[in-house]
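Contents: one structure, followed by commentary.
The values are calculated or read from the model by the stated rules, or taken from the named source; none is laboratory data. None of these values were measured; they are calculated from a predicted model. Cβ atoms come from the backbone with ideal geometry, glycine included; neighbour counts cover every protein chain shown. Surface accessibility is based on the protein's heavy atoms, side chains included, excluding ligands, DNA and RNA. Shrake-Rupley method; radii C 1.70, N 1.55, O 1.52, S 1.80 Å.
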Amino acid sequence: MIPLSTTLALLLGCEITQLDSASIVDRTRILGVKATPAEPAPGDTVTFSSLAVDPESGIAGVTWFGCVLEDSDSFGCELDTDTLEALFAQDPTTMTAQEQQDWYAELQAAGFLGIEPDLSPTLTVPSDLLDGLSEEQQAEGKNYMLTLSAIPGGLEIDDLDLDAEGTQAVGEQGLKRMPVSVGGTPNRNPEITSLTLDGEFDVKDQDVLEVRAGQTYTFQLNLSDDSVETYTFVDSQGASEDRMEQPYVSFYATTGSFYQTISLHPYLEAEWTAPIDPPGESHTLWFVLRDRRGGMDWVTVELLVR
């Protein structure tokens, strides 16, 4: 597990970058971010997961911080760093179960949600978050700002070389908004039920998919029946209208080439051409589904080029 003191130093020492939309993954990237449920209500407990990748060194961990949007700026949450540093200095292995629970609750109150994969990121939305708002405003809800930091494998705190302003471009960071509301049609994450290759079999059932060098393959994503939702949109003036989601899928790979990098529902297909040289190497494809309301799902495919 990454020491929490290292986690805080890395977070404070990183510059937030925009997520790259290029399809070839050749560095640390955050390709997907998921909250379950995708649109919680006050009092709900939310679990988080990310699709963070690094083709060279792997990912040592992903830190999660969060706050209500009103308590953030363009760089993310305004963290109570003094409290976090004091809490991170404590050793939870010496605590009783109740002390550990209280310690984690204090961390969450200061903005820390968890670190993948050792401490699953979670958030219990305050039950009074929407108190004082009108019925229309509660249906529109509030947003949480989530800040992620993907730390490449093999990185040590001694490797950091901070400049005079204390900034350092280490790994990859990303931002995500998560709505909290009591609307009648809260968002749910879409679900990829299968990923077929040339219409023949489900790639999700394969540990490693063998492909031929230079050959073009067609991948088809199939979704659950309830993945495309009809929902009621309420604007800031309280006016409402019925809308239907328009999911789309983005494609990423460590090598090869895609005919296109995005496909729109209902045509969720991807044509990918395997590299010609060198054969015998392993590669990875990622298919990331988004419903345009913050819901996500993804599939990872390991390949062996012959």
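A few points about this structure:
- Per residue, the Cα convex hull of segment 74-120 amounts to 83 Å³.
- Paramagnetic reach from D226 (point 7 Å along Cα→Cβ, amide N under 17 Å) across segment 25-63: 36-41
- When nucleic acids and ligands are ignored and a 1.4 Å probe is applied, R177 ends up with an accessible area of around 140 Å².
- Computed extension gain for I262 through A22, at 0.36 nm per residue and net of the alpha carbon distance, reaches 85.3 nm.
- Of the residues L223, Y248, L195, the one whose Cα sits farthest towards the positive end of the charge dipole of segment 189-306 is Y248 (charges of +1 on Lys and Arg Cβ, -1 on Asp and Glu Cβ, taken about the Cα centre).
- Note on E78: accessible area approximately 130 square angstrom, rounded to 10, probe 1.4 Å, nucleic acids and ligands left out.
- Accessible area per residue (1.4 Å probe, heavy atoms of protein chains only) ranks R29, R292 as R292, R29, with the largest value leading.
- Residues S23, S134, ordered by accessible area of protein heavy atoms at a 1.4 angstrom probe radius and largest first, appear as S134, S23.
- Note on K176: lysines with a C-alpha under 17 Å away, same-chain residues under 8 apart excluded, are K34, K142.
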